[in-house]
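What follows is a short report on a single structure.
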Amino acid sequence: MRLLVDCHCFDEGENQGLNTYIREMYKSLIPIAEGIKFIFAAQNISHLKTIFGMQKNVDYVRLKSRGKYYRLGVEFPEIVKKHKIDVIHSQYITPLIKNCKTVVTIHDILFEDYPQFFPYRYRLPRHILFKASARRADLLLTVSDYSRRRISKVYRIPEEEIVVTHNGVSADFRNLDHSECVNFIKSKYGIGDYILYVSRFEPRKRQVSLLNAYKNLRLDKQGIDLVFIGIETIEDPQFNLSYESCDEEMKQHIHIYDNIPYNILLKWYGGARLFVYPSEAEGFGIPPLEAAASGVPVICNDKTAMADFTFFGKNLISTDNVDLLETRMQALLAEGKNTEEERRIQEDVYRRYSWDVIAKDFKRHLEEKFM
């Protein structure tokens with residue numbers, strides 16, 4: 001079977017859940033699927049080669065255009081025909097012309113459930129294209145039970161026709177040395193003690209909740225910095241207003257970065273004193289798991305798909321409750337790292353969200369459906 005994988009997201013220079021899903025799924029799948037020829041497509045195939053390598057069952061195709069509709073309407077159908085593709089795996093949206101079997105992973109449809117967080121011009125085309133892609137896919141995947149229930153209800157597709165292939169956590173996070181990461185971040189960025197948040201900027205991500213808690217607790221006075229890593233995809237006026245209201249002294253302790261390379265992002269995780277994730281709506285929620293896999297204490301919202309992260313115990317909370325969020329932040333900062341507790345959570349994360357197990361399950365579904 002010749003399987004084409006749409007990897008255009010790797011051309012956008014952003015670390016996000018979508019990239020993690022494709023990267024880790026296929027890195028785990030390639031060694032165990034000798035009956036499949038993998039063809040990865042993107043503009044920057046040199047970058048893809050550093051991820052998936054040069055192996056006998058791997059090949060690459062260079063995309064010509066960054067334009068979404070040209071890519072979906074013209075380029076991918078041409079690649080399918082030229083390279084005799086049997087199956088194409090897309091994220092969210094399949095090619096507009098279907099000339100081979102299709103696998104599509106729809107990670108979430110949060111814009112359907114939380115329209116207040118997404119502009120109308122964002123929602124309308126996605127409603128049309130996601131629904132059409134889901135209904136005509138030969139194999140429809142999603143990443144959590146929460147997303148499966150919502151896709152089933154909103155797009156009227158029986159739940160049994162939707163396969164859950166969870167996101168997972170890379171083993172790269174497992175053996176990070178905290179002291180080494182702290183020293184690296186200190187020498188490169190001049191930041192020592194910090195609270196971390198990783199995810200793109202959108203109103204639903206609720207970075208503003210963490211910022212307000214940090215302000216109320218005046219953690220800058222305690223020498224604790226606040227670090228946000230993520231690109232802005234939808235403007236968040238509340239966050240911008242809250243940040244602008246900070247005094248200049250506090251602003252010196254608040255840092256916002258985007259497009260951090262993966263190897264450097266690992267260091268940020270490994271060196272953090274505390275990770276806080278107050279996102280209100282997630283189709284899965286990889287960042288808090290990556291932080292936990294790094295051995296870092298985590299506070300996570302208990303909404304949507306994140307309700308499954310019960311291993312966080314008393315730190316899986318409604319972060320809309322400002323007093324509770326601040327209380328848990330103060331408690332964890334005072335306690336420091338509880339090595340035994342963090343190790344327990346780390347093991348739970350890897351037991352439940354192992355890419356090797358997820359890839360084997362995906363391989364089984366591919367074989368049952370197409371081979």
Query raised in the report: Once Lys and Arg get +1 and Asp and Glu get -1 on their Cβ, which of 233, 289, 256 lies farthest toward the positive end of the dipole of the stretch 224-318?
Result: 289
Requested in this report: Go through 353, 299, 336 and say which Cα lies farthest out towards the positive end of the charge dipole of the stretch 266-371; charges sit on Cβ, +1 for Lys and Arg, -1 for Asp and Glu.
Outcome: 353
Query raised in the report: Once phi is turned into ³J(HN,Hα) by the Karplus curve 6.51 cos²θ - 1.76 cosθ + 1.60 with θ = phi - 60°, what whole-Hz value does each residue of the stretch 236-243 show in order, with x for glycine and proline?
Result: 10, x, 4, 5, 4, 5, 5, 5
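What length, rounded to one decimal in nm, is gained on full extension from residue 60 through to residue 357, with 0.36 nm per residue of separation minus their alpha-carbon distance?
Details: separation 297, 0.36 × 297 = 106.92 nm, distance 2.55 nm.
Here the answer is 104.4 nm.
R0 = 22 Å: FRET efficiency of residue 341 with residue 183, Cβ-based, nearest 0.05? Can you show the working numbers first?
Working: r = 24 Å, r/R0 = 1.10.
After rounding to 0.05, the efficiency reads 0.35.
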Query raised in the report: Using modelled amide H (1.01 Å from N, peptide plane; none on Pro or chain starts), what sits under 5 Å from the amide H of residue 59, excluding residues fewer than 5 places away?
Result: 38, 39, 40
Query - Segment residue 369-residue 254, extension gain: residue separation times 0.36 nm, minus the distance between their alpha carbons - result: 36.4 nm
Query - residue 50 accessible area, assembled protein chains, probe 1.4 Å, Å² - result: 110 Å²
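Note down the magnitude of the dipole of the stretch 1-121 about its Cα centre, charges +1 on Lys and Arg C-beta and -1 on Asp and Glu C-beta and zero elsewhere, to the nearest 20 debye. Don't skip to the answer; put the middle values down first.
Numbers: 17 positive and 13 negative charges, 127 e Å.
Around 620 debye, computed over the stretch 1-121.
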**Report entry** Percent of C-alpha pairs per 10 Å bin, the stretch 159-221, short to long
**Finding:** 15, 27, 36, 14, 7, 1
Query raised in the report: Which of the lysines could a cross-linker span from residue 186 if the Cα-Cα distance has to be under 21 Å and same-chain partners fewer than 8 positions apart are dropped?
Result: 221, 251, 267, 337
Query raised in the report: Near residue 81, which aspartates and glutamates are there with a Cα under 19 Å away, not counting those fewer than 8 places off in the same chain?
Result: 6, 59, 138
Report summary line: Shape call for the stretch 8-91, from the Cα gyration tensor axes a ≥ b ≥ c (a/c under 1.5 means rounded, otherwise prolate when a/b beats b/c, else oblate), comes out oblate
Report task. Measure out, as a whole number of angstrom, how far apart the alpha-carbon centroids of the stretch 339-371 and the stretch 233-284 sit. Result -> 28 Å
Report summary line: For P(r) over Cα pairs in 10 Å bins from 0, in percent, with candidates (1) 5, 18, 27, 26, 16, 7, 2, 0; (2) 5, 23, 29, 23, 14, 5, 1; (3) 5, 23, 33, 24, 12, 3, 0, the value calculated from the shown model is option (3)
Query - Net charge dipole size for the stretch 142-199 [Lys, Arg +1 and Asp, Glu -1 on Cβ; Debye, nearest 20] - result: 280 debye
Query raised in the report: Packing-wise, with mean Cβ within 10 Å as the measure, how do 244-251, 170-177, 276-283, 258-265 rank, highest first?
Result: 276-283, 170-177, 258-265, 244-251
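Ranked from highest to lowest mean number of other Cβ atoms within 10 Å per residue, what is the order of the peptides 109-122, 347-360?
347-360, 109-122
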Query - Within the chain, helix-based [θ] at 222 nm, where runs of 4 or more DSSP H residues each add -39,500 (n - 2.57), nearest 500 - result: -12500 deg cm²/dmol
Query raised in the report: Between the stretch 100-127 and the stretch 167-225, what's the alpha-carbon centroid distance in Å?
Result: 29 Å
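Heavy-atom accessible area per residue, the chain, 1.4 Å probe: how many Å²?
Working: 15930 Å² over 371 residues.
I get 43 Å² per residue for the chain.
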**Report entry** Electrostatic dipole magnitude of the chain [Cβ: Lys, Arg +1; Asp, Glu -1; Cα centre; debye, to 20]
**Finding:** 1600 debye
Query raised in the report: Which parts of the stretch 176-202 would a label at residue 264 reach, counting a residue when its backbone N lies under 12 Å from a point 7 Å out along Cα-to-Cβ?
Result: 185, 188-190
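The values are calculated or read from the model by the stated rules, or taken from the named source; none is laboratory data. Since we're looking at a predicted model, the values are computed, not measured. Counting neighbours? That spans all protein chains shown, and the Cβs are built from the backbone with ideal geometry, glycine included. To get the accessible areas, we keep the full protein, side chains included, count just its heavy atoms, and leave off ligands, DNA and RNA. Shrake-Rupley method; radii C 1.70, N 1.55, O 1.52, S 1.80 Å.
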